[in-house]
Amino acid sequence: IEKLARDGVPEGVVVFAESQSRGRGRLGRKWTSPPKRGLWFSLLLRPDLRPQEATRLTIAAATALRRAIASHTGLQPAIKWPNDVLVHGRKVAGILVELNAELDHINYVVLGLGVNVNLNAADFPPELRKLATSLKLELDKPVSRPELAVTILRELDRDYTRAVSGQFTAVADEWAMHDTTLGQRVV
């Protein structure tokens with residue numbers, strides 16, 4: 001998607017992968033993404049924001065992703081700052097925001113999302129089995145990846161629009177209601 005961004009493709013392009021051989025999260029951490037079991041995708045955005053405002057995109061993505069999972073599954077996910085969505089305290093989704101910017105303007109953002117949809121416990125490395133989960137594990141039944149993808153993209157579009165059009169406070173307020181780290185000690 002970075003090549004598309006550099007080639008001047010307009011924002012809104014979404015690239016899905018059925019699997020990833022080098023999936024990664026924040027700080028270069030490995031992201032397990034077995035074939036046809038999750039949603040692994042990136043969106044190209046061109047927000048009219050300053051680089052210092054890029055955290056708005058993480059907040060908007062987390063809020064939209066949490067709301068999409070809740071409405072599609074009935075689960076009640078929480079947000080763990082800065083980029084995780086949890087179900088029952090275990091990571092079910094992650095967000096990675098990478099930007100290309102000048103000193104005072106963002107040129108483009110690649111918003112990467114990974115959602116553990118239909119993974120089984122054995123799909124996770126042993127060291128992650130107590131830390132990560134999937135929607136299938138939480139619901140004890142498979143989830144339609146295409147239908148969930150539509151719900152996520154709809155919610156992302158809604159919150160991205162709000163975040164860049166002067167309605168960020170409403171997004172941030174919703175985020176704060178579901179964030180598990182506010183007021184907590186973190187290391």
| request: Please verify whether the range 177-185 includes one or more residues that are surrounded by 13 or more Cβ atoms within 10 Å (Cβ to Cβ), modelled with pLDDT under 95, within 15 Å of R56 (Cα to Cα) and not aliphatic (A, V, I, L, M). | output: yes
| field | Unique residue being in a strand (DSSP E or B), at negative phi and of a type outside the set (S, T, N, Q) when the list is L99, L119, L137 | value | L99
| note | Quick count over the range 36-84, residues being of a type in the set (F, W, Y) and more than 19 Å from L137 (Cα to Cα), is 2
| message | Looking at (1) farther than 16 Å from A62 by Cβ; (2) open to solvent by less than 50 Å² (accessible area, probe 1.4 Å), which one does L111 not meet, given that it meets all the others? | response | (1)
| said: Looking for something open to solvent by 50 Å² or more (accessible area, probe 1.4 Å), modelled with pLDDT of 95 or more and of a type in the set (K, R) - is there at least one such residue anywhere in the range 128-144? | reply: yes
| remark: S165 passes all but one of the listed conditions (1) open to solvent by less than 90 Å² (accessible area, probe 1.4 Å); (2) in contact (Cβ under 8 Å) with a residue 40 or more places away in the chain; the exception is number (2)
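The values are calculated or read from the model by the stated rules, or taken from the named source; none is laboratory data. Predicted model, so just to flag it, every value in this text is computed and none were measured. Using ideal geometry, Cβ is built from the backbone for each residue, glycine included, and neighbour counts are taken over all protein chains shown. What goes into the accessible areas is simple: the full protein's heavy atoms, side chains included, and nothing from ligands, DNA or RNA. Shrake-Rupley method; radii C 1.70, N 1.55, O 1.52, S 1.80 Å.
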